[in-house]
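Asker: Can you read through this structure? Questions will come right after.
Every number in this text was worked out from the coordinates using simple rules, so none of it is lab data. None of the values given here were measured: they were computed from a predicted structure. With ideal geometry, Cβ positions are generated from the backbone for all residues, glycine too; neighbour counts draw on all protein chains shown.
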Amino acid sequence: MVAAIEGYTPRLVSLEAGAFAKQVTAAAAPDTVNRAKAFLFAASRLGAFCESIGVALDPGVALHPSVIERCCAPGVTTMSLPTRRTVRTNLRAIARAQACGPAPVWLGREQAKPPYTGAEIAAYLSLADAQPTESRRMHASALVCLGAGAGLVGADLRAVCGIDVVARAGGVVVVVRAGPRPRVVPVLSRYHDRLLAAKGFVGDRLVIGGTSPARRNVTTPLTSSLAGGTDLPRIEIARLRATWLCEVAGAIGLRAFMDAAGIACSQRLGDLVALLPRPDEAHTVALLSGIRP
């Protein structure tokens, strides 16, 4: 390993930048020759960048996170995007090995809420049916239908009026007008009757209650005021959406597709989906509501 580092001959950088690369690579103690070469390449690019902007070739200065970010920023270097990513990763590894700058704090990723089971959804619908007034029955039933049947949350959910629930294209859809993503959402077929009943009750008013679509936290008063069901935890809107997401994902074969493609993370799927033709509404309703042509 020592021989690989000492035998490094810098290219396209000064002798000083090459010496800096050797110094920080040796201090990082790479465990393979290939990793040592990768560290040398990255550190030499950092050394050349520091020289170009007048930053001292001192590990405590040059390996600071802000300097590494500037070195790999678009427009600063002629390196390709994949090369910039690799160089930045290696420079961060060198910096960690030498404790240059504060250690990053691990922030755990928030996990998705678990979906409700079919039995749990049935229990919440039974609870809605058991409410003492028709108004409360309709609002509670609509909440479950819009969450578990169409995946609505937040402003999308609060702003739905009776006129936004429409029977068309061979099914029932919810026209989402508010929020950052206006769209048309097909409702799962087994929730059609309940949601249409709620639509008939509210008319052109808000489906889950209230007087203004700008109001906040309307679901908490609704779910906390449900009478009975002492053996049931309070309904969680995020879990209703997770229930819809899982059911639709299963219906379109998402797990089979990702397993076959060897994909564990869907980060790039959005880029590919943007290239696909947008399906017409009738096809989307047939696919996502459980209705088969």
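Asker: Have a look at the DSSP beta bridges in the chain and tell me what percent are antiparallel, nearest 5.
Answerer: Antiparallel: roughly 90 percent of the beta bridges in the chain.
Asker: Once you charge only the Cβ atoms, +1 for Lys and Arg and -1 for Asp and Glu, what is the size of the charge dipole of the chain about its Cα centre, to the nearest 20 debye?
Answerer: Roughly 260 debye, rounded to the nearest 20.
Asker: Next up: What number do you get for the stretch 45-176 when its Cα radius of gyration is normalised by 2.2 N^0.38 Å, N = residues?
Answerer: 1.97
Asker: Within 10 Å, count the other beta carbons around each residue, average over each peptide in 247-256, 136-145, 181-190, and list them highest first.
Answerer: 136-145, 181-190, 247-256
Asker: What does the convex hull of the Cα atoms come to per residue for the chain, in Å³?
Answerer: That works out to 200 Å³ per residue.
Asker: Here's a follow-up. For M258 and E110, calculate 0.36 nm times their separation in residues minus their Cα-Cα distance, and state this gained length in nm to one decimal.
Answerer: 51.1 nm
Asker: Largest first, please: the extent of the C-alpha atoms of the stretch 34-115 along each principal axis, to the nearest Å.
Answerer: Taking max minus min along each principal axis of the Cα atoms, the stretch 34-115 gives 54, 27, 27 Å.
Asker: Under 8 Å for C-alpha pairs, at least 6 residues apart: give me the relative contact order for the chain, rounded to a whole percent.
Answerer: 16
Asker: Taking the radius of gyration and the Kirkwood hydrodynamic radius from Cα positions alone, what is the Rg/Rh ratio for the stretch 193-240, to two decimal places?
Answerer: My calculation of the ratio gives 1.00.
Asker: Under the Karplus relation 6.51 cos²θ - 1.76 cosθ + 1.60, θ = phi - 60°, what is the ordered set of whole-Hz ³J(HN,Hα) values for the stretch 18-26, x standing for Gly and Pro?
Answerer: x, 5, 4, 4, 4, 4, 6, 5, 4
Asker: What is the packing order of peptides 275-284, 5-14, taking the mean over residues of other C-beta atoms within 10 Å and listing the highest first?
Answerer: In descending order of packing, they fall as 5-14, 275-284.
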